[in-house]
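Rule-based calculations on the coordinates, nothing more; no lab input. Remember, predicted model here, so these are calculated numbers, not experimental data. Cβ placement follows ideal geometry from the backbone for every residue including glycine, while neighbour counts extend to all protein chains displayed.
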Amino acid sequence: MKKSVLILIAIITWLSAAAQTERRLNEVTVVASRTTTDAEGYTTNLRGSDITKGKPAVDVLGFLPNISHENGTFKINGLVASEIYVDGVKLSDLSELDNIPGEMIDKVQVKYLAGADHNASLSGGSIMITLRCPPEGGYYGSILANADWYRSCDFGNAGISGMINYRYKGLSVYNNLYAGNTKFEENSAQTLSGPDLHTFLTETSKSHGFNFRNRLSLTQQLQSGAQLGGSYLISMSSPRPSSVSYDGNTISSVSIRENTSLQEGTIMFMQPLGSRGTQLQLTADYLNRHSNDNSSYFLDSERAAAIKETTNLNLWKFKADFMYPHSRSLIWKFGASAQFISSSYTPADILKNDRFETSDIPTKTSGLTPIVYASAQGRIWKLKYSAGMNWQLNRITYEDRSANRKNTNTQWSMNPTVQVMMPFGPGMDHALMVSYKRTLSDIPYTAISSVINWSDAYNYTVGNPDLKAQSADIVMAGLSLLRNKINITALYAVSHDRIYWQTLQSGENPDVFYTMPLNINSQGVWGFGAEWIESPSRVWCFKLSGRVEITPENTMLDGIHYNKTRVKEYFYFNNNFRFGHGWGGMLNANFEPTFRTLDRTYHVVYNVSGQIYRTFLNDNLQVALDFTPIGNRRKLDRYADANKVSYKYTTPVQYVGFSLTWNFAGGKSVNVDVVDGIQNYYETKDNR
């Protein structure tokens, strides 16, 4: 495989050299003259860029400097992006990016690290997408319909979505709607081995359900210059997952009926204070997530155990921000916020069985997170800087309602953030960046619980009431050459009270294993990355990138001392093609070699995917075909004492997706203001 990668790189280099005579900078301008940098990151103008043609916003971001799309998440310089905004709306579900045509993007602002005005848990930076307002339109939007075919289960996901921005006088209206069904089938093989354990399992996991999501935002611009707005988000899903395991003698299965609803309401008031740009913004937000799950467990088609579970989560957050432009080269920001958490878990209708562990403990978790911050952003000579400090407290209370027993834990931290950037070179085409940030994670309320979640008949996860929030110190350095055409980054992070999911063997059933989160001692990680963005010809541009993480382990788990130096690597090769007459496409490849971390081994993964599209009617109508022809799925080995659990996904990766998009615009040319929610629902969960 390594030889193949070297050959691929050699071919790319040869093609680049052969195409020098016809090179034009139509795509390199995306990261050259189109890009401006500051202490916190960069802003790229994508209006009219070829990389936005024919693809959704989710695929456009992967072509931008220092951004990678890995396992369904976006990373900035190797750190998971904390927030993604579209026209000021913070996305609670990244699938919304699938419904936004890339050609509607005007510009993208990327911040490498979350600032002091954010929750200290947010280490990774933010991505802020601004959509273009067509010159002839005061309203604009898109309608998209899609259907997917998988080799494993024929037609799977299908849905329709729509987005519209509209303004009438001082009133701005934004609405983003999605409705569709989901369907998937996963096949896998699992081996359980140890001194007294030799079991081979074949498994089939299926799920089908319906999803609905809608966000409505209304914002009124007042004559005084003040702005009053609100938004309401509702999301509902009803998946029906099931898992069937066969060990050659016994058929075991898990069947779950889930009904989950999420609602969020937000009110925002912004008041300008004076003519220098000073302003005060007040925001109040309420989020509720409610779920009802009915789980049944079967042995040889006989119902052996069952449980009905109700989980209710309430989040309240109040935030005040004050911005004061002291001068052209200095802007001050001050603010405070407070978040309140209340979560309850109630089991009922419990049918117990020695084979399937279920929880009969009703629990309640509450938390308080106040934050106070101050920050400054400015410029001294050519040096651009951003610096701030926040104070944050996490107070967690866990209550066993059956025993009337409470456990309280309080953590607080002072969290500085410093970022500096110095441009250099004859045309200031190069830049050097250095950053430091201390983080304190959110209360891990979803993992402080007695809830037991079965992934299949032989594996489950359970929470830990004694869990603490983890913290970290991060130092990042970067070198950008030729206006982000070549980027080199280095990162060092050390975590404290790191949350790790340890694998344990059930005492009652030796062929059943479970994972539980626990806090382990401090651990450091070094990261190094490099990328090259180029346009060798009129029709082709690419982004070639790689990253390596080096982790010296020094941790004790169940009497075993892990003291190896672990290496984790990523390689990505993204290609964009733009032909004539509305034709275009992309072809992307990623490769992740085998890596180890403590008691786990993640085996090699690779994937090749692409897209072909055709636009009509002045690019207003687009037909696209997405595909995945080859790939290798994940295999995971876990160890519990002398026992080994190997899990491999055997489902074919082949996939074809069809989508039809209509972009529309009209009316007067105006700007549209949007208000969005300020909270997210985060799950602290095991990653298998």
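Inter-part distance, the stretch 556-604 to the stretch 421-448, computed on C-alpha centroids, equals 22 Å.
Residue-wise HN-Hα couplings along the stretch 463-474, as the Karplus relation 6.51 cos²θ - 1.76 cosθ + 1.60 with θ = phi - 60° gives them from phi, are x, 9, x, 8, 5, 10, 6, 8, 10, 7, 10, 10 Hz; Gly and Pro carry x. Between the entries (1) 33.4; (2) 30.7; (3) 28.7, the label attached to mean projected area of the Cα convex hull in nm² calculated for this structure is (2). Other residues with beta-carbon under 11 Å from the beta-carbon of Pro56 carry, at +1 per Lys or Arg and -1 per Asp or Glu, a net charge of -4. Remark on Asn464: its backbone amide H falls under 5 Å from those of Ile448, Ser449, a criterion applied only to residues 5 or more positions apart or on other chains, H modelled at 1.01 Å from N. Across the chain, the longest run free of exposed loop sites, meaning GluC sites (Glu not before Pro) lying outside DSSP classes H, G, I, E and B with no more than 10 other Cβ atoms within 10 Å, spans 1-507.
Under 14 Å from the Cβ of Ala642, count the other residues' Cβ atoms, weight Lys and Arg +1, Asp and Glu -1, and hand me the total. So the environment of Ala642 carries a net charge of -3. Below 12 angstrom from the Cβ of Phe210, what's the summed charge of the other residues (Lys, Arg +1; Asp, Glu -1)? With Lys, Arg at +1 and Asp, Glu at -1, the neighbours total +2.
Projecting the Cα positions of Tyr232, Met433, Ile630 onto the charge dipole of the chain (unit charges on Cβ atoms of Lys, Arg, Asp and Glu, taken about the Cα centre) puts Met433 furthest along the positive direction. Which Cα, out of Ala338, Leu383, Ala320, lies furthest along the positive dipole direction of the stretch 265-417 (beta carbon charges, K/R +1, D/E -1)? Highest projection toward the positive end goes to Leu383.
Please name which of Tyr398, Asn620, Thr260 has its Cα lying farthest along the dipole of the chain towards the positive end, using unit charges on Cβ (Lys, Arg +1; Asp, Glu -1) and the Cα centre as origin. The listed residue farthest towards the positive side: Asn620.
In this structure, the amide hydrogen of Ile100, modeled 1.01 Å from its nitrogen in the peptide plane, lies closer than 5 angstrom to those of Ala57, Val58, counting only residues at least 5 positions away or on a different chain. Among Lys169, Lys317, a tally of other beta-carbon atoms within 10 Å of each Cβ gives an order, fewest to most, of Lys169, Lys317.
Thr191 to Leu351: FRET efficiency via 1/(1 + (r/R0)^6), r the Cβ-Cβ distance, R0 25 Å, to the nearest 0.05? Computed FRET efficiency for Thr191 and Leu351 comes out at 0.25. Magnitude of the charge dipole for the stretch 2-666, about its Cα centre and with charges confined to Cβ atoms of Lys, Arg (+1) and Asp, Glu (-1), is about 2040 debye.
Taking the C-alpha atoms only, the angle from helix 2-18 to the longest principal axis of the chain is near 10 degrees. A simple spin-label model places the labels of Val80 and Gln223 4.9 nm from each other, with each point 7 Å out along Cα-to-Cβ. In the chain, helices alone account for a calculated mean residue ellipticity at 222 nm of -1000 deg cm²/dmol, with every DSSP H run of four or more residues adding -39,500 (n - 2.57). Evaluate E = 1/(1 + (r/R0)^6) for Ala338 and Asn71, where r is the Cβ-Cβ distance and R0 equals 35 Å; express this FRET efficiency to the nearest 0.05. The computed FRET efficiency comes out at 0.55.
Beyond 22 Å in Cα-Cα separation lie the following of the pairs Lys75/Lys111; Lys90/Lys635; Lys111/Lys382: Lys90/Lys635.
Extending 7 Å from the Cα toward the beta-carbon at both Leu481 and Leu660 defines two label points whose distance is 4.9 nm. In whole Å, what is the distance between the alpha-carbon centres of the stretch 284-359 and the stretch 183-235? Cα centroid to Cα centroid, the span is 13 Å.
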